[in-house]
Amino acid sequence: MNDNISIKGTVEFKVYQDGRLIDDFKDNNLILNLGKETICQLIASGNVNKVVTKIGFGESNAATSAGDSSLVNGFVKFLGNVSYPAINQVKWEWTLENTEANGKTIREMALMSANNTLFARRVITDRIKDNTIYIYGTWTLTF
């Protein structure tokens, strides 16, 4: 019997400029050591501070590493709707509105717990954010 559990993260988003689709992105991400620790603490204690509730956008393009623990010059906001597309999946919706994170060059994204612990991180191609840009996305974890 094999009961090993692995986690795969997938981030998807669409970038709109002045209401017109200009980019469509989908790729996997790395589940960080702190994310794995968060899962253990949720299972063992139900610690509400460990619940994944936020998404962050930062300006570092350093390669993702399992030991990552923070974003550079981050903008953090609450995730939107959460759903469970399959018994082994959780999916969050999120947006980055025209009024948010303007002036930033977004190079990294992260799922974060309620206490701002990084759970998963993904480096992306530079996206200069201004008030003409709106981004809609989802982040899915598959166990």
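No value in this document is a laboratory result; all are computed from the given coordinates. What you are looking at is a predicted structure, and each value in this text was computed from that prediction instead of being measured. With ideal geometry, Cβ positions are generated from the backbone for all residues, glycine too; neighbour counts draw on all protein chains shown.
Inverting the mean 1/r over all pairs of different Cα atoms, compute the Kirkwood radius of region 68-143 and quote it in Å.
When all Cα pairs of region 68-143 are included, the Kirkwood radius is 13.5 Å.
Using Cβ contacts closer than 10 Å as the measure, can you line up PHE75, PHE119, PHE143 from fewest to most?
Numbers: PHE75 18, PHE119 25, PHE143 12.
By the 10 Å Cβ count, ascending, the order reads PHE143, PHE75, PHE119.
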Which number gives the lysine pairs in region 8-142 that have C-alpha atoms under 15 Å apart and are eight or more places apart or on different chains?
11
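From Cα pairs below 8 angstrom and at least 6 apart in sequence, can you work out the relative contact order of the chain, rounded to a whole percent?
Numbers: 335 pairs, mean separation 47.3, N = 143.
RCO, the chain: 33 percent.
Among LYS54, LYS8, which comes first, second and so on when ranked by fewest other beta-carbon atoms within 10 Å? Walk me through the numbers on the way to the answer.
Numbers: LYS54 21, LYS8 15.
Neighbour counts put them in this order, fewest first: LYS8, LYS54.
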Running a GNM on the chain with Cα contacts under 10 Å, which residue among GLY56, GLY80, GLY35 ends up with the highest mean-square fluctuation?
GLY80
Paramagnetic label zone (point 7 Å from Cα along Cα-to-C-beta, VAL90; backbone N under 18 Å) in region 98-118:
110-118
Under the Karplus curve 6.51 cos²θ - 1.76 cosθ + 1.60, θ = phi - 60°, whole-Hz ³J(HN,Hα) for region 66-74, x wherever Gly or Pro sits:
4, x, 4, 9, 7, 9, 8, 6, x
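Assuming a viscosity of 0.890 mPa s and a temperature of 25 °C, what translational diffusion coefficient in µm² per second does Stokes-Einstein assign to region 4-78, Rh being the Kirkwood radius over Cα pairs? Can you show the working numbers first?
On the way: Rh = 14.8 Å.
Estimated diffusion coefficient is 166 µm²/s.
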Can you put TRP139, TRP94 in order, fewest other beta carbons within 10 Å first?
TRP94, TRP139
Degrees separating the helix 33-45 axis from the principal Cα axis of the chain, which is the longest one
50
If each Cα of region 42-88 is one equal point scatterer, what is log10 of I(q)/I(0) from the Debye formula at q = 0.16, 0.22 Å⁻¹?
-0.70, -1.03
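Could you give the C-alpha radius of gyration of the chain expressed as a fraction of 2.2 N^0.38 Å, taking N as the number of residues it contains? Working shown, then result.
Values: Rg = 15.1 Å, N = 143, 2.2 N^0.38 = 14.5 Å.
After normalising by residue count via 2.2 N^0.38 Å, the value is 1.04.
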